[in-house]
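**Q** Supplied in structure tokens, the structure appears directly below.
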Amino acid sequence: AAKRAGRGTCRFFESDMNEAATRTLQIQQALHEALDKEYFSLRFQPKFYGRDGALAGAEALLRLNHPTLGLLSPAEFISIAERNGQIVPIGYWVVREACRQIRRWQAAGLKTTKVAINLSPRQLAQPDLLETIQEIVHAERMSPEKIMFEITETAAMHDVRRTAETVHAFQKCGFEVAIDDFGTGYSSLAYLQRFRVRQLKIDRFFVDGLDAHDSEGTAIVAAIIKLAHSLGMNVVAEGVETESQREKLEALRCDQLQGYLLGVPLTPDAFGVLLGGPGEPLPPSATVTA
Ligand code: C2E
Ligand code: MG
Ligand code: MG
Ligand code: MG
């Protein structure tokens, strides 16, 4: 009965809806207010060189800290923001905040690294994406060389020609571009050549496969690394969680490693320690606050 009275009269009862739908509505509402009320923050997950373990860069990862819903991870809200289009203004906030954070580290006298920012399909579909990003970066007096963008393989493959143009335009303006979550989509490896990105990030599904008992998982990762290198790309392994994965990746000459084994997503201050700032480097297990 409540359902029939529902539309426009707000007489839904929670018990009438399944929990997931309620949660989705709560998150939609939270997203609606999030920019104005400053609910968003960034974490920075380090990427390290496989060769010598030196810091190679950071990936900015968005968090939504809501007064009643708590700290939400992108897994919960990105797809909703993507569907309703809010990801577009949110994405510009991420670019601005990443620039500001780099400046804060610089102001504290720290050497900074490149910061990678994730772009989702809806953002890539904006005709003025690059123009707007350039305006923000310029207004924040940040150099494009300090910023790179990650595009998932699935998003990249949606329109190969357009992606190739977008990647080219970004690179012409000084921004580096990476293909993210590689291997989860269905691209022919040959398409990689058309994107001409500098960096390929192997999805953690394949990194998990390195620990399998048979050798097939390792053979696949070896093949991806070889191919990427032959196309002039550097390779990042995502989701490195075990010592044996690290050893295998190093033996396969994987250029960079990222994952909980080496470093979880960190607050700006905690990341500052990696940049030479004051404080104790926390053991990864103590900082899993995602
Ligand atoms: P992604 O870009 O592939 O980021 C990697 C995700 O894996 C992150 O989850 C990270 O916390 C997690 N991760 C890192 N190391 C490990 C590990 O060793 N093991 C496991 N199990 N997970 C690990 P997070 O932060 O929840 O982000 C999820 C996804 O949300 C990201 O995947 C990215 O696609 C998207 N995302 C995050 N921030 C943004 C943003 O600012 N804008 C857009 N458009 N998307 C974002
Ligand atoms: Mg990413
Ligand atoms: Mg990824
Ligand atoms: Mg992902």
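**Q** Can you tell me the 0 to 90 degree angle between the C-alpha axis of helix 216-230 and the longest principal axis of the chain, rounded to 10?
**A** Helix 216-230 sits at roughly 80 degrees to that axis.
**Q** Where Rh is the Kirkwood radius over the Cα pairs of the range 147-290, the temperature 10 °C and the viscosity 1.306 mPa s, what D in µm²/s does Stokes-Einstein return? If you can, show how the numbers build up before the last one.
**A** Working: Rh = 16.3 Å.
Value of D from the Cα-based Kirkwood radius: 97 µm²/s.
**Q** Quick one: among LYS114, LYS37, LYS47, which has the greatest mean-square fluctuation in a GNM of the chain with alpha-carbon springs under 10 angstrom?
**A** It is LYS37.
**Q** Still on this structure, I have one more. Can you figure out the FRET efficiency of TYR49 with SER230, using R₀ = 22 Å and their beta-carbon distance, to the nearest 0.05?
**A** On the way: r = 20 Å, r/R0 = 0.91.
That pair, TYR49 with SER230, gives E of 0.65.
**Q** Next question, about the same structure. Hey, what angle do you get for helix 19-37 against the long axis of the chain, alpha-carbon based, 0 to 90 degrees rounded to 10?
**A** 80
**Q** Residue separation times 0.36 nm, minus the C-alpha to C-alpha distance between ARG23 and LYS172: what's the value?
**A** Extending this stretch completely gives an extra 49.4 nm.
**Q** When the accessible area of the chain is computed with all protein chains present and a 1.4 Å probe, what percentage of it is carbon and sulfur? Write down the numbers at each step before the final one.
**A** Working: 7880 of 15170 Å².
The nonpolar share, carbon plus sulfur, comes to 52 percent.
**Q** Just need the relative contact order of the chain here, percent rounded to a whole number, with Cα pairs under 8 Å and 6+ apart.
**A** Rounded, it is 18 percent for the chain.
**Q** Separate question: Using alpha carbon centroids, what distance separates the range 169-210 and the range 37-70, in Å?
**A** Cα centres, the range 169-210 to the range 37-70: 20 Å.
**Q** Restricting to the chain, compute how many DSSP beta bridges are antiparallel as a %, nearest 5.
**A** 40
**Q** Would you mind telling me the antiparallel percentage of the DSSP bridges in the range 133-211, rounded to 5? Spell out each step's value before the answer.
**A** Details: 0 of 8 bridges.
That works out to approximately 0 percent antiparallel.
**Q** Moving on. Would you kindly state the longest site-free stretch of the chain, with sites defined as chymotrypsin sites (Phe, Trp or Tyr not before Pro) in a DSSP loop (not H, G, I, E, B) surrounded by at most 12 other Cβ atoms within 10 Å?
**A** The answer is 14-185.
**Q** Continuing with the same structure: Take the cross-link list LYS47/LYS201; LYS47/LYS114; LYS111/LYS172; LYS111/LYS226; LYS111/LYS201 and give me the ones stretching past 21 Å between alpha-carbons.
**A** Violating the 21 Å Cα-Cα cut-off are LYS111/LYS172; LYS111/LYS226; LYS111/LYS201.
**Q** Nearest 10 degrees, 0 to 90: what angle lies between the long axis of helix 87-107 and the longest principal axis of the chain (Cα atoms)?
**A** Approximately 50 degrees, to the nearest ten.
**Q** Continuing with the same structure: If you roll a 1.4 Å probe over the heavy atoms of the protein chains, what accessible area per residue do you get for the range 156-195, in Å²? If you can, show how the numbers build up before the last one.
**A** Values: 2120 Å² over 40 residues.
On a per-residue basis, the range 156-195 sits at 53 Å².
**Q** Taking the Cα centre of the range 84-174 as origin, sum charge times position over the Cβ atoms of Lys and Arg (+1) and Asp and Glu (-1), and report the length of that vector in debye to the nearest 20.
**A** With only Lys, Arg, Asp and Glu charged at Cβ, the dipole is about 400 debye.
The values are calculated or read from the model by the stated rules, or taken from the named source; none is laboratory data. All values reported here derive from a predicted model rather than from experimental measurement. No Cβ is skipped: glycine too gets one built from the backbone with ideal geometry, and neighbour counts run over all protein chains shown. Protein only, heavy atoms only, side chains kept; ligands, DNA and RNA dropped before computing areas. Shrake-Rupley method; radii C 1.70, N 1.55, O 1.52, S 1.80 Å.
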